[in-house]
């Protein structure tokens, strides 16, 4: 089982990811589905931040002119998390705008009800 | 297929030629091309806005007929069972993967390779940024950050397309919009206004501080822009659209965002061009630790901050009233 007992952060990220995914799958409400997707995003950020951390080192901001790589944590995951946050904000805004359009058309947020109304329109 | 072939009409090639010329539309008649009539939103809209809160959510009784309800219930049960199986399977798979990952905080993990070492050891002398992450995202990978800003800009454009309420619409629906707005948001709330008087200048000044210090301390354009945007949103909730539209209307937002993105593009193109061709560049790293150091990073941070603040503000106004 390798390092299962020491990787608490990664385990928390995985559990958060699964919680968000079950929200996405089980909730019939569109807004709650979007919240589930946001929880999944947060789980990915937590995982990346945990991968960048190195025991006993500080944030990658040069203090006192120390330019030794063994003094700072890995700066690459921080940049990746930034990219992820920006994309997730954009995707959430776009999905919520589409939800508003659906609500205006069908007067409900329930995905099953929207599907039923759509099928009735087609008949 | 030649044009003399009797089957040429209605063939793919013919349709394609007509589509290129512009007199054939493959999706005409198959999907809704125009916006729905205003009747859908008329009296109906007032009714659902005020009654929907009271409505209970026992949708299955009023939505489905008797025979259909049984099928729907069976399908929902199956869906839940399969969903639970998939969720548990993915949880077990990911936990199993975690157990094979390197230990948390291990300095010899494979991701702590020569890339990170290079960024840390050469970053300060090459970019002049004390904050190595800022130096990385706004100098080495600046085009990536440019793409991120463009993603934000495109997202706000898409939300504008989806939620726009036209200005020249009849005053009646405008009045309905206004009434709905007042129904949910407080107007001239004294407590909110007093708190906003104190907080909004602080938030905006703090946001500008975070943007300008992006290369010498934690922060940068994205976080600072988000702080400035939330300050603007607080001002808007406290004082209403009449006050904010004096300085943040559609024209200002458009000019700021497009100007910032254009400046970013040209500035970074110049520095990449000179860097790639070994030409002499007028941009120097400067003294590390000063505000005006680190070459282009300060200016790029300001651009990113402007784009993020405008996007946050326009998201809020678009969702609230369908226009900036």
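What follows draws every value from the coordinates through simple rules; no lab data is involved. Here the structure is a predicted model, which means the values were calculated and not measured. Positions of Cβ are backbone-derived with ideal geometry, glycine not excepted, and every protein chain shown enters the neighbour counts.
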For residue B:195, project a label point 7 Å along Cα to C-beta. Then give me every residue of region B:201-230 with its amide nitrogen under 18 Å of that point.
B:201-204, B:227-230
Rounded to 0.05, the calculated FRET efficiency for the beta carbons of residue A:104 and residue B:8 at R₀ = 41 Å is 0.35
Between helix A:30-52 and chain A, what is the angle of the helix's C-alpha long axis to the longest principal axis, kept within 0 to 90° and rounded to the nearest 10?
10
Neighbouring Cβ atoms within 10 Å as the yardstick, rank B:79, B:316 fewest first.
B:79, B:316
What helix-only [θ] at 222 nm does chain A give? Using -39500 (n - 2.57) per DSSP H run of at least 4, over all residues, to the nearest 500, the answer is -24000 deg cm²/dmol
Give me the three principal axis extents of region A:8-123 from the C-alpha atoms, as integers in angstrom, largest value leading.
71, 25, 16
Most exposed first by the Cβ proxy, i.e. fewest other Cβ within 10 Å, how do B:278, A:107 rank?
B:278, A:107
Between the Cα axis of helix A:8-26 and the main Cα principal axis of chain A, the angle (0 to 90°, nearest 10) is 10
Taking alpha-carbon centroids only, region B:132-162 lies from region B:245-298 a number of Å equal to 13
Using only Cα atoms, what Kirkwood radius does region B:190-324 have, in angstroms?
16.2
Send over the Kirkwood Rh of region A:4-65, from the inverse of the averaged 1/r over different Cα pairs, rounded to one decimal Å.
13.3
Going by Cα centres, region B:75-124 and region A:29-68 are how many Å apart?
13
When chain A is treated as a Gaussian network with springs between alpha carbons less than 10 Å apart, the largest mean-square fluctuation among A:95, A:21, A:40 is found at A:95
Simple spin-label estimate for residue A:25 and residue B:157 in nanometres, 7 Å along Cα-Cβ:
3.7
So the label point goes 7 Å from the Cα of residue B:243 along Cα→C-beta, right? Which residues of region B:193-233 then have their backbone N under 11 Å from it?
B:193-201
Need one number: nm distance between label points at residue B:265 and residue B:187, each 7 Å from Cα along Cα→Cβ, rounded to one decimal.
4.3
